[in-house]
Amino acid sequence: MTFGNLDHFKAGVKILFIESCDAKHGNWKAHRGKALAFGREVAFGNIPHMSLWASDSREDVVSWAISGL
């Protein structure tokens with residue numbers, strides 16, 4: 001699980017597959033997919049940073065993001 005700007009995560013891994021959905025806050029998105037990190041394929045979920053985004057009121061978005069983990 002990652003939080004915040006996905007560009008920081010992308011800088012350290014190779015994204016193999018990604019899908020996105022509306023995070024229900026402006027034009028922000030939540031993401032999930034697979035990435036290559038240190039030679040291993042890993043699943044990831046990403047939501048906006050919780051200091052700026054109320055995850056407790058968007059449980060459906062969080063559940064969607066982590067469903068593949």
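Taking label points 7 Å from Cα along the Cα-to-Cβ direction, L36 and E59 give a separation of 3.9 nm.
Spacing of the modelled spin labels on H8 and N27, each 7 Å from Cα toward Cβ, amounts to 2.2 nm. For the chain, the 222 nm mean residue ellipticity estimated from helices alone, with every DSSP H stretch of n ≥ 4 adding -39500 (n - 2.57) and the total spread over all residues, rounds to -4500 deg cm²/dmol.
Note on the chain: with charges restricted to the Cβ of Lys and Arg (+1) and Asp and Glu (-1), its dipole about the Cα centre is near 240 debye.
Once C-alpha pairs closer than 8 Å and six or more residues apart are averaged by separation and normalised to the residue number of the range 6-66, the relative contact order reads 29 percent. Taken over the chain, the convex hull of the Cα atoms encloses 77 Å³ per residue. Centroid-to-centroid, using Cα positions, the range 36-69 and the range 5-30 are 9 Å apart.
Coordinate-derived values only; no laboratory data. This structure is a prediction, so every number in the text was calculated from the model and none was measured. Glycine also receives a Cβ, built like all others from the backbone with ideal geometry; neighbour counts cover every protein chain displayed.
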